[in-house]
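Enquirer: Input: one structure, supplied below.
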Amino acid sequence: MDDVNARPPTERKPLSALPPLPPPPPPVEPAEFPPGFWPAVDYMLHHPDRILASLRADRDLGRLSGIFFRIGLITCALYGAVMGATNLLQGSELDLVHKFMQIGVTALKVPVLFLLTCAIVLPPIYVSNAFVGSKLSFRQMLAVLLSSLAVTTTVLASMATVALFFSLTSQSYDFLKLLHVLFFVYAGLSGLGY
């Protein structure tokens, strides 16, 4: 076995003969969301590197936070409406007015749950990150949290068709509750990974 340290000093390669370091990667362009809701969702899912570059550069945080807030609100409400439709789809004993009211209440309840959770955890997350050396401002941390919320709720809304299918085909309320819990866990882990 040829060991570099075992060679006599005259046989070692001089430092100038080492291959040059590869050039640094080009800088990532900042996020430029297209107009419209669904194009913005698609952009968010396909360009996390550009979003991260904008967040790090503290560029357009108000606009980005607004986009993430709207995405989170609409996708939460969509999944909430599907959750509330369970009574309508399974032939519950409620009258038709109350069934539609349940859809509206649940479509409102899920966004409120997510937004209140964000409002509660934002200060401790900001302070904890400051203790471990994070240089993110409060506005940057809010934008990061809202981007994670938007991804979480988008993943959750993507599971709405599956939840709707099982609401139509299953008569077990306990199964549907467990299914919704599993979807929330999956969406939360996806948002955390993002």
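The values are calculated or read from the model by the stated rules, or taken from the named source; none is laboratory data. Fair warning: this is a prediction, and the values are worked out from it, not measured in the lab. So basically every Cβ, Gly included, is an ideal-geometry build from the backbone, and we count neighbours across all protein chains shown. Just so you know, the surface numbers come from the protein's heavy atoms only, side chains and all, with ligands and any DNA or RNA stripped out. Shrake-Rupley method; radii C 1.70, N 1.55, O 1.52, S 1.80 Å.
Enquirer: Would you tally the residues in region 59-78 being among the hydroxyl-bearing types (Ser, Thr, Tyr) and touching a Phe, Trp or Tyr at 6+ places or on another chain (Cβ under 8 Å)? Don't jump to the end; show me each part of the working.
Expert: Just the residues of region 59-78 that are among the hydroxyl-bearing types (Ser, Thr, Tyr), to begin with: 65, 75.
From the residues that got through so far, the ones that are touching a Phe, Trp or Tyr at 6+ places or on another chain (Cβ under 8 Å) too are none.
Selection size over region 59-78: 0.
Enquirer: In this structure, is Leu78 open to solvent by less than 70 Å² (accessible area, probe 1.4 Å) and touching a residue at least 12 places away in the same chain (Cβ under 8 Å)?
Expert: Numbers: open to solvent by less than 70 Å² (accessible area, probe 1.4 Å): no; touching a residue at least 12 places away in the same chain (Cβ under 8 Å): yes.
No, not satisfied.
Enquirer: Let me ask another. Just checking, how many residues over region 78-109 are within 15 Å of Tyr173 (Cβ to Cβ) and not in a helix (DSSP H, G or I)?
Expert: The number of residues fulfilling the criteria is 6.
Enquirer: Would you point out the residue of region 44-64, among those that are open to solvent by less than 70 Å² (accessible area, probe 1.4 Å) and within 13 Å of the chain's Cα centre (by Cα), that is nearest to Leu108 (Cα to Cα)?
Expert: Only one residue fits best here, namely Met44.
Enquirer: Here is a further query. With (1) among the hydroxyl-bearing types (Ser, Thr, Tyr); (2) in contact (Cβ under 8 Å) with a residue 40 or more places away in the chain; (3) closer than 28 Å to Ser65 by Cα as the list, and Ser190 as the residue in question, which single condition is left unmet?
Expert: For Ser190, the failing item is (2).
One line per residue, one yes/no per condition, for (1) farther than 14 Å from Val110 by Cβ; (2) hydrophobic (A, V, I, L, M, F, W, C); (3) over 14 Å from the mean Cα position of the chain (by Cα):
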{"site": "Leu146", "(1), (2), (3)": "yes, yes, no"}
{"site": "Ser158", "(1), (2), (3)": "yes, no, no"}
{"site": "Tyr173", "(1), (2), (3)": "yes, no, yes"}
{"site": "Phe184", "(1), (2), (3)": "no, yes, no"}
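Enquirer: Could you please find all residues in region 81-127 being among the hydroxyl-bearing types (Ser, Thr, Tyr) and either open to solvent by 40 Å² or more (accessible area, probe 1.4 Å) or over 18 Å from His180 (Cα atoms) (or both)? Steps first, please.
Expert: Step one: list which residues in region 81-127 are among the hydroxyl-bearing types (Ser, Thr, Tyr), which gives 86, 92, 106, 117, 126.
The answer is Ser92, Thr117, Tyr126.
Enquirer: Going through region 162-176 one residue at a time, which ones are within 13 Å of Ala85 (Cα to Cα), open to solvent by 100 Å² or more (accessible area, probe 1.4 Å) and without any contact (Cβ under 8 Å) to a residue 24 or more places away in the chain?
Expert: Phe165
Enquirer: Restricting attention to region 128-157, and to residues there that are without any contact (Cβ under 8 Å) to a residue 60 or more places away in the chain, part of a helix (DSSP H, G or I) and open to solvent by 70 Å² or more (accessible area, probe 1.4 Å), which single residue is farthest from Trp38 (Cα to Cα)?
Expert: It comes out as Phe131.
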